[in-house]
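The values are calculated or read from the model by the stated rules, or taken from the named source; none is laboratory data. Being a predicted model, the structure only gives us computed values, none of them experimental. FYI the Cβ positions are ideal-geometry reconstructions off the backbone, even for glycines, and counts take in every protein chain you see.
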Amino acid sequence: MIIGEQKPLDEIKQMIADYHKVLILGCGTCVTVCFAGGEKEVGILASALRMVTKLEGQGKEFLEATVQRQCEYEYNQEVADLVREADAVLSLACGIGVQTVNEQFPETITLPGLNTSFLGQPVEQGVWDERCQVCGNCILDKTAGICPIARCSKSLFNGPCGGSKNGRCEIDPEVACAWQLIYDRLKALGRLELMTEIQPAKDWSTSRDGGPRKIVREDLRL
């Protein structure tokens, strides 16, 4: 899922400084699960902004709403009247949601209240680890379901570097060596022969280096 973190309050205050009526708009999916931009976070942020702007003598008004997914027009349409009523929208969605609302309601500026961090997996309560860099050319079949691009600090394709020690990455002893994890998993599965296959240089044209990506499902088009 997409992981995000709320921007510092001072940065948000500066961002909305020129607007009187601000709609704080939450998103009910990924950022709700990672406790960054759901209905609860909308309420907390709205209360904090009301308090701090009042103490500073600013007469700002804050509206609150949360939609199921800001990345889809149909859900945003539910708050169309609130968006048009506001001078600005402060989105607590990922960057995709911010851009979607901006495109859907071009007459009202939508601002980012979160920093979109990575695609991650919840490993325990309140902890998410990066698991995917959406490179567009998945090789998890060759690496026992462990991504060397996202989980190896150097994104190595053909085994570990010389810096790992006792199964830990040289950048931080708290970080597991991805290739140690891959080796252990392949051994447990009886597929160690996959370690001997040389992977060609990564074709980054399927990733962000190839420009903005687009997928068109022809089988779903009428």
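Can you confirm whether Leu222 is outside any loop (DSSP other than H, G, I, E, B) and either modelled with pLDDT under 95 or touching a Cys at 6+ places or on another chain (Cβ under 8 Å) (or both)? So Leu222 does not fit the description; no.
With respect to Pro200, is the statement that it is closer than 22 Å to Ile2 by Cα and either of a type in the set (S, T, N, Q) or exposed (fewer than 12 other Cβ atoms within 10 Å of the Cβ) (or both) true?
Numbers: closer than 22 Å to Ile2 by Cα: no; either of a type in the set (S, T, N, Q) or exposed (fewer than 12 other Cβ atoms within 10 Å of the Cβ) (or both): yes.
It is false that Pro200 is closer than 22 Å to Ile2 by Cα and either of a type in the set (S, T, N, Q) or exposed (fewer than 12 other Cβ atoms within 10 Å of the Cβ) (or both).
If you go through segment 87-145 and keep only what is of a type in the set (Phe, Trp, Tyr) and either more than 16 Å from Glu72 (Cα to Cα) or within 17 Å of the chain's Cα centre (by Cα) (or both), you end up with Phe118, Trp128.
Each row is one residue, and each column tells you yes or no for (1) in contact (Cβ under 8 Å) with a residue 12 or more places away in the chain; (2) within 27 Å of Cys135 (Cα to Cα); (3) in the same structural domain as Cys147 (by TED's automatic domain parsing).
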residue	(1), (2), (3)
Val33	yes, yes, no
Leu55	no, no, no
Glu64	yes, no, no
Phe105	yes, no, no
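Looking only at segment 35-51, residues that are under 18 Å from the mean Cα position of the chain (by Cα) and either buried (at least 20 other Cβ atoms within 10 Å of the Cβ) or without any contact (Cβ under 8 Å) to a residue 60 or more places away in the chain (or both) come to 6 in all. If you go through segment 32-44 one residue at a time, do you hit one that is in a helix (DSSP H, G or I) and of a type in the set (Asp, Glu)? Checked segment 32-44: at least one residue is in a helix (DSSP H, G or I) and of a type in the set (Asp, Glu). If a residue must be among the polar types (S, T, N, Q) and touching a residue at least 12 places away in the same chain (Cβ under 8 Å), how many such residues does segment 1-31 contain? The qualifying residues number 2.
Taking every residue in segment 168-196 that is under 16 Å from Ile149 (Cβ atoms) and pairing it with any residue that is among the polar types (S, T, N, Q), at least 6 positions away or on another chain, the pairs with Cβ-Cβ distances below 6 Å are Cys169/Ser153; Ile171/Ser153; Cys177/Ser164; Ile182/Thr143.
Candidates are the residues of segment 172-197 that are surrounded by 11 or more Cβ atoms within 10 Å (Cβ to Cβ) and of a type in the set (Val, Ile, Thr); the one that is farthest from Leu156 (Cα to Cα) is Val175.
Screening Gly145, Gly120 for residues that are exposed (fewer than 15 other Cβ atoms within 10 Å of the Cβ) and either within 30 Å of Gln180 (Cβ to Cβ) or acidic (Asp, Glu) (or both) leaves exactly one candidate, Gly145. For segment 157-171, how many residues are surrounded by 15 or more Cβ atoms within 10 Å (Cβ to Cβ) and closer than 21 Å to Gln121 by Cβ? So the count comes out to 2.
For segment 71-180, please list each of the helices (runs of 4 or more DSSP H) lying entirely inside it that holds at least 3 residues being among the hydrophobic types (A, V, I, L, M, F, W, C). Passing ranges, in order: 80-85, 95-104.
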